[in-house]
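Read-outs: derived from the displayed coordinates by stated rules, not from any lab. Since we're looking at a predicted model, the values are computed, not measured. With ideal geometry, Cβ positions are generated from the backbone for all residues, glycine too; neighbour counts draw on all protein chains shown.
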């Protein structure tokens, strides 16, 4: 392992081109996939687990409703979601990541990309998603759930449906969020609890995502209107916002309609 003293800092700046290359490759490869749903969940979920089959079924129903399915490209829930999408004749995207313990790409990807950087891969998950569906998982799955809540709560992205599949799995965490984060510490607002749902109903989820995409429904209370220059979308799928120290803080009462 290289020490700090062994790293040539003059060469480190050239690594920015590797980062740029990953963004360019990802943007170009995914620009034609159309509306998509990103599915997260554990790589350790085995095919005989009920959540595996639930992910297969949900992805097939999403393809029926003309969505592509995006996953992290690995085994477990990712494999199940890609399998359901591919077998239903849809676009099945795998955003694979290079890890010290090698990730084995699942065989159900008809668009396969490989990333070195987690943060580039995360942008791709969000940029092309019309919804997040989050199955039971570990630290990485929790990271994606709370990141989506952060982006929506701060209005950095246009709010979209975030669905947690598996009431038995999620109930303890959601109780803690409500009882500690909301009620005891007041770290979040009551309406933040309505920005996601927890369910086991695959058919309901697939249709909810379609209805939200078509503008027939919203998930959670609608935000109030904000000027277009504040919510103007950027190339990476987030919103422009207001520059700190230059434009001042956003009015606390303002927001933006669900999209």
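If you wrap the stretch 56-199 in the convex hull of its Cα atoms and look at it from every side, the mean projected area works out to 8.9 nm².
Here the ratio of the Cα radius of gyration of the stretch 1-115 to 2.2 N^0.38 Å is 1.28. Using a cutoff of 8 angstrom between alpha carbon atoms and counting only pairs six or more residues apart, the relative contact order for the stretch 107-223 works out to 25 percent.
The stretch 45-115 and the stretch 210-232 have Cα centres spaced 28 Å apart.
Evaluated on the stretch 135-225, the Kirkwood hydrodynamic radius is 14.0 Å, with distances taken between all distinct Cα atoms. Using every Cα-Cα pair within the chain, state what percent have a distance larger than 32 Å. So the portion of pairs separated by more than 32 Å is 26 percent. Annotation: for a label point projected 7 angstrom from Cα along Cα→Cβ of residue 153, residues of the stretch 166-188 with backbone N closer than 17 Å are 173-188. Remark on the stretch 57-142: hydrodynamic radius 12.9 angstrom, per the Kirkwood mean of 1/r across alpha carbon pairs. Please report the relative contact order for the chain, taking Cα pairs under 8 Å with a sequence separation of at least 6, and give it as a percent rounded to a whole number. Rounded, it is 16 percent for the chain. Would you calculate, for the chain, the mean residue ellipticity at 222 nm contributed by helices, counting each DSSP H stretch of 4 or more residues as -39,500 (n - 2.57) and dividing by all residues, to the nearest 500? Helix contribution divided over all residues of the chain: -11500 deg cm²/dmol.
Between 237, 34, 72, the GNM of the chain built on Cα springs shorter than 10 angstrom shows 34 fluctuating the most. Residues considered: 38, 71, 154. Largest GNM mean-square fluctuation over the chain, using C-alpha springs under 10 Å, is found at 154. The alpha carbon radius of gyration of the stretch 109-153, expressed as a multiple of 2.2 N^0.38 Å, is 1.21.
Taking 126, 205, 230 in turn, the Gaussian network model of the chain (Cα-Cα springs below 10 Å) assigns the largest fluctuation to 230. Considering only beta bridges that DSSP places wholly inside the chain, some 5 percent are antiparallel.
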